[in-house]
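Student: What follows is a single structure, and I will ask about it in a moment.
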Amino acid sequence: MSSINNLKLHYIFPGYNGLGGPIRLLLEDAQVPYEWIHIDVAQTWPKTKQSWIDSGYPFDCAPMIKLEDGKQYSGAQPILRFLSKSLGKYIPTNDIDLETFVETVSDYSCDWFKAYGMAARNRDQKDIVDKYIQEQLPMYLQRFERIYGVKQGPYAAGDEITYCDFIVFVLASRSPSTTQLKDYPNLSKFVETMSARPGLENAVESEDYAHTGIPL
Ligand SMILES: N[C@@H](CCC(=O)N[C@@H](CS)C(=O)NCC(=O)O)C(=O)O
């Protein structure tokens, strides 16, 4: 297993936005120092992407992490799992059912991310934004309210935080979910508990986090 010292996290959207957000939050919760390499999506990204391809690295999307031994890892969920396994936390062990449950929550939360991302990228198109706020968001909130009730919370897996919680948190704790959250007690309790975690308090109160959640 690689050491995760001197970890560099490369991502293209600022703050805790997009798929870089959950990775930053996991690292901060675990108090793992990391270098945040924000690649400007318009100016620098096309060249950086090409340089990754030219170097022989096959995964040409962000987020990507690079370790001090030169190893690179991509894919938001694989990175979260890799970090969890390296840290020996945030991932169930010796319980394949719980491990699969967490994996499923993670997978389903990425579906939510896609719908959110589509609305955020097209926020000047009223039909797309309305569809997200009126149809897709209530559907995801109801789904995750149900999921977060299964193990009696406050986290998806019960009283232990796991890596999927960092993905759900950035979706549930930011605009426009916040305007509807009060109708979902399990998710409200989850967001409140996450926001109070000592490793996350600074992040959640930071200017960067304020930029998270593109107002729709
Ligand atoms: N399944 C991948 C998706 C990665 C992805 O699509 N990243 C976007 C940003 S969120 C990206 O790199 N877009 C720019 C591009 O594809 O050139 C993951 O989970 O990391």
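Rule-based calculations on the coordinates, nothing more; no lab input. What you are looking at is a predicted structure, and each value in this text was computed from that prediction instead of being measured. Reconstructed Cβ throughout: ideal geometry from the backbone, glycine too, with neighbour counts over all protein chains shown.
Student: Between Glu99 and Val150, what length comes free when the chain is fully extended (0.36 nm per residue of separation minus the Cα-Cα distance, one decimal in nm)?
Tutor: 16.9 nm
Student: Take the alpha-carbon positions of segment 115-216, form their convex hull, and give its projected area averaged over all directions (one quarter of the hull surface) in nm².
Tutor: In nm², the orientation-averaged hull projection of segment 115-216 is 6.3.
Student: Let me ask something else about it. Rounded, prolate or oblate for segment 7-87? Axes are the square roots of the Cα gyration tensor eigenvalues, ordered a ≥ b ≥ c, and the cut-off for rounded is a/c under 1.5.
Tutor: oblate
Student: Could you give the alpha-carbon Rg of segment 97-173 over 2.2 N^0.38 Å, rounded to two decimals? Mind showing how you got there, number by number?
Tutor: Details: Rg = 13.4 Å, N = 77, 2.2 N^0.38 = 11.5 Å.
Against the empirical 2.2 N^0.38 Å value, I get 1.17 for segment 97-173.
Student: Ignoring solvent entirely, what values of log10 I(q)/I(0) come out of the Debye formula for the chain at 0.09 Å⁻¹ when each Cα is a single scatterer?
Tutor: Here log10 of I(q) over I(0) equals -0.35.
Student: Work out from phi, with θ = phi - 60° and the Karplus expression 6.51 cos²θ - 1.76 cosθ + 1.60, the ³J(HN,Hα) of each residue of segment 199-205, listed in order in whole Hz, and give x for Gly and Pro.
Tutor: Karplus-based 3J(HN,Hα) across segment 199-205 equals x, 9, 3, 4, 4, 5, 8 Hz.
Student: Then there's this: Can you give the charge dipole size of the chain about its Cα centre, rounded to the nearest 20 debye, using +1 on the beta carbon of Lys and Arg and -1 on the beta carbon of Asp and Glu?
Tutor: It comes to approximately 320 debye.
Student: Here's a follow-up. Which one of Ile128, Tyr184, Pro154 is farthest out on the positive end of the charge dipole of segment 96-211, using unit charges on Cβ (Lys, Arg +1; Asp, Glu -1) and the Cα centre as origin?
Tutor: My answer, from the dipole projection, is Ile128.
Student: Over segment 96-211, calculate the relative contact order: mean separation of alpha carbon pairs under 8 Å at least 6 apart, over the residue count, as a percent.
Tutor: The value is 25 percent.
Student: For segment 155-161, in order, what is each residue's ³J(HN,Hα) by Karplus, 6.51 cos²θ - 1.76 cosθ + 1.60 with θ = phi - 60°, in whole Hz (x at glycine and Pro)?
Tutor: Result, rounded to whole Hz: 9, 4, 8, x, 8, 10, 5.
Student: Residue by residue through segment 122-129, which ³J(HN,Hα) values in whole Hz follow from phi under the Karplus form 6.51 cos²θ - 1.76 cosθ + 1.60 (θ = phi - 60°), with glycine and proline marked x?
Tutor: 10, 5, 8, 9, 4, 5, 6, 5
Student: Please list, or write none, the lysines whose alpha carbon is within less than 25 Å of the alpha carbon of Lys89, excluding same-chain residues fewer than 8 places away.
Tutor: Result set, ordered by chain and number: Lys8, Lys66, Lys71, Lys151, Lys189.
Student: How many nm separate the modelled label positions at Arg121 and Glu160, each set 7 Å beyond the Cα in the direction of the Cβ?
Tutor: 3.6 nm
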